[in-house]
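Accompanying notes for the structure given below.
FYI, it's all coordinate maths here, none of it is from the lab. None of these values were measured; they are calculated from a predicted model. Here the Cβ positions follow ideal geometry from the backbone for every residue, glycine too, while neighbour counts run over all protein chains shown.
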Amino acid sequence: MDGSKVDGKTVAEHIVDFLERREVEHVFGLCGHTNIAVLAALAESPIDFITVRHEQIASHAADAYARVTGKASVVLSHLSPGLTNCATGVANAALDCIPMVVIAGDIPTHYYGKHPHQEVNLHADAAQWEIYRPFVKRAWRVDRADLMAEILEKAFHLAESGQPGPVLVNVPMDIFSEVIPSESFDRILDNTRALKKPSIDDETAREIIEKLAQADNPVAYVGGGILLAQASEELREFVEHMGLPVAHSLMGKGALRDDHPLVMGMTGFWGTELVNQSCLNADYVFAVGTRFKEADCSSWYPGYTFNIGGKDDTTKVIHIDIEPQEIGRNYPTEIGVVADAKAALRVLTRVAKEMYPDGFPRVEKKAEIAGFRTKFKASNTEMQTSSAFPMMPERILADARKALPEDAIITTDVGWNKNGVGQQFDILTPGSILTPGGFATMGFGPPATIGAKLAAPDRVVISLVGDGGFGQNPSMLATAVELNLGIIWLVMNNNAFGTIAGLQKAHYGLTYGTTFPGTAAAPTNGPGYAEIAQAYGAVGVRITSAEELLPALEAAIASGKPTVLDVPMINNPTPTTGHWNILDIYSPDKDVSHVST
């Protein structure tokens, strides 16, 4: 203890010093009596604490911040209700493999077993940390102050290495305030900040290249792992040399520019006929950084998106992923490689150029893609230029694409703004679309813009979101206004939980519990989103005709002010060509999906 007093720093102060050394610039969170020691230490630090009004806002904002920076973000949470409020955003990050370190306050160690204020204690004492066990990569409860340094170090390494994801460091409040010597933190000063990632050897690369070179109809299928590995340029160089047409999952959207001549589009339920048929006809699928998730694979039904794992003449899979458990999980794999996507693609490109210096032009496939793209865009022209009001969703997306710069960061939510964007909205800068994929969390998009804007203050940031998603946590407007963040929220307002309403109407003939009173044009006692924005100090605009949207959006971009555009929208379903198992469950004898409400 004498040495501790001489050192004079609390664990909370040591934590903040540690975060500074890791070049952490922002911590997202909300105060509580268990974490104010950390806040006091942050007050003297160059690290900015981003105060929110609800912990789910903090975890969604931190999620987006990590997606844009490529580094683990940090969330500071209070115990029990703070931690459970935060949980949805942390789970969303977990299912999308986003690195995050959650530091949570907890009850004092000397009150273990006494059931103090706000403790989660119905089945076990001091067990708050177990709430996160189903979805974080690891959860620690720190029971000794001298272990804090090595646990924090392990937390960041684990969050950022392998398949990235969130971790929890759960800290009793008395440990935050304990004064300790710096020895344990000094011991890790020279430790590496980032672990080297695995690549592939030349022999494996030659085996893969030979298979693809001999294939008649090879297809590259890429997922969010490309973006997590920041491997878009390596992917572009490889597929261009090998002439591989590119299909992508929802999370792989934007791995390459959507107007690249080899990009076919998103697969699965909301995929187009071109991409689903190309994958069905492929003799080899070269998969990188993807988990072959259900909606992307038409519930794994043969005959819709992939024909993998059947008897004769079915598609073979070459699968590269950083996580061994993902390889072969949903489809049998001929060649499975555990490697970082960026490192692996570099080796593959080098070896491919050595083996086949002239590459593979595949002129016919490029022409097929170009022809389909022209035809598909023409088929949407009527909707994209319609003057109907409430607006057609296709026109909203088309006007947004016209107004936004190529490098604008777009956050989506659920519904048309996710599925329709995946299918019809061109992403022109890799990594510029942030989507809640695995958890498909309603309410992700609006607070995610806060993290995105803090990570990239010079870029335009916009949330494309439904009224259901925007209504989840409108208090994120307070944080945006206080920080003067020039974010735009475009509310695609169909006065409903539109996708579910369309599903329920198709299968049950009603919309009970899925729509709100009134219509999109005239909601009955519905929220005035423009007025809500104004009450928080933001700009709020209610669009009253289709012709108003584009100039209003251009004005919002030019103003640099936090702005909400409330845009009434017809609830038409996103077109589908794939399949989803829920349709069989609801209507096993009918060919029906979603309908307009």
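Taking 0.36 nm per intervening residue step and subtracting the Cα-Cα distance, what contour gain separates His33 from Asn525 on full extension? Spell out each step's value before the answer.
On the way: separation 492, 0.36 × 492 = 177.12 nm, distance 3.82 nm.
Contour length minus Cα-Cα distance gives 173.3 nm.
Would the range 401-488 count as rounded, prolate or oblate if I go by the C-alpha gyration tensor, calling it rounded below 1.5 in a/c and otherwise prolate when a/b exceeds b/c, oblate otherwise?
Oblate.
Highest first, please rank the peptides 24-36, 353-365 by the mean number of other Cβ atoms sitting within 10 Å of their residues.
24-36, 353-365
Highest mean first, what order results for 472-484, 183-195 on Cβ atoms within 10 Å?
Details: 472-484: 19.8, 183-195: 12.2.
Taking the mean over residues of other Cβ atoms within 10 Å, the ranking is 472-484, 183-195.
Please work out how much length the chain gains when fully extended from Leu483 to Tyr512, using 0.36 nm per residue of separation minus the C-alpha to C-alpha distance, in nm with one decimal. Working shown, then result.
On the way: separation 29, 0.36 × 29 = 10.44 nm, distance 3.98 nm.
Stretched fully, the Leu483-Tyr512 segment lengthens by 6.5 nm.
In this model, which of Lys377/Lys402; Lys154/Lys253; Lys154/Lys197; Lys71/Lys453; Lys71/Lys137; Lys9/Lys137 are farther than 25 Å apart at the alpha-carbon?
Too far apart for the 25 Å limit: Lys154/Lys253; Lys9/Lys137.
Scaled to the compact-protein estimate 2.2 N^0.38 Å, what is the alpha-carbon radius of gyration of the range 2-186, rounded to two decimal places?
Here the Cα radius of gyration is 0.95 times the empirical estimate.
Picking from Asn307, Pro332, Leu256, whose Cα lies most toward the positive end of the charge dipole for the range 255-395 (charges on Cβ: Lys, Arg +1; Asp, Glu -1)?
Towards the positive end, the residue furthest out is Leu256.
First measure r as the distance between the Cβ atoms of Leu147 and Val592, then evaluate 1/(1 + (r/R0)^6) with R0 = 41 Å and state the FRET efficiency to the nearest 0.05.
0.10
Within the chain, what percent of beta bridges assigned by DSSP are antiparallel, to the nearest 5?
Looking only at bridges with both residues in the chain, the antiparallel portion is about 5 percent.
Only counting other Cβ atoms within 10 Å, I'd like Asp321, Asp426 sorted with the fewest neighbours first.
The order, fewest Cβ neighbours first, is Asp426, Asp321.
Could you state, as a whole-number percent, how many of the C-alpha pairs of the range 385-586 are farther apart than 29 Å? Intermediate values should be presented prior to the final figure.
Numbers: 3634 of 20301 pairs.
Summing the P(r) tail past 29 Å for the range 385-586 gives 18 percent.
Could you give me the ³J(HN,Hα) list for the range 345-352, computed from phi with Karplus coefficients 6.51, -1.76, 1.60 and θ = phi - 60°, whole Hz, x at Gly and Pro?
Coupling constants for the range 345-352: 5, 4, 5, 4, 5, 4, 5, 4 Hz.
Give, rounded to the nearest 20 debye, the magnitude of the charge dipole that the chain has about its Cα centre when Lys and Arg contribute +1 at Cβ and Asp and Glu contribute -1 at Cβ.
780
In the set (i) 0.99; (ii) 1.05; (iii) 0.94, which value of Rg/Rh (Cα atoms, Kirkwood Rh) was calculated from the structure you see?
The listed entry that was calculated here is (i).
Tell me, in nm to one decimal, what length is gained between Glu406 and Ser559 on full extension, where the rule is 0.36 nm per residue of separation less the Cα-Cα distance?
Full extension from Glu406 to Ser559 adds 53.3 nm.
Residues of the range 58-90 with amide nitrogen under 18 Å from the 7 Å Cα-to-Cβ point of Asp48?
58-76
7 Å from Cα along Cα→Cβ at both His110 and Glu130: what's the point-to-point distance in nm?
2.6
What FRET efficiency do you get for Ile335 and Asp259 if R0 is 35 Å and r is their Cβ-Cβ distance, rounded to the nearest 0.05?
Efficiency, rounded to the nearest 0.05: 0.70.
Could you work out the relative contact order of the chain, using alpha carbon pairs under 8 angstrom and six or more residues apart, expressed as a whole percent? Write out the running numbers ahead of the final one.
Values: 1334 pairs, mean separation 79.9, N = 597.
Computed value for the chain: 13 percent relative contact order.
Arrange the peptides 151-161, 380-390 so that the one whose residues have, on average, the most other Cβ atoms within 10 Å appears first.
151-161, 380-390
Let a ≥ b ≥ c be the square roots of the eigenvalues of the Cα gyration tensor of the range 202-368; is it rounded (a/c under 1.5), or, if not, prolate (a/b larger than b/c) or oblate?
On the way: a/c = 1.29, a/b = 1.20, b/c = 1.07.
Here the range 202-368 falls in the rounded category.
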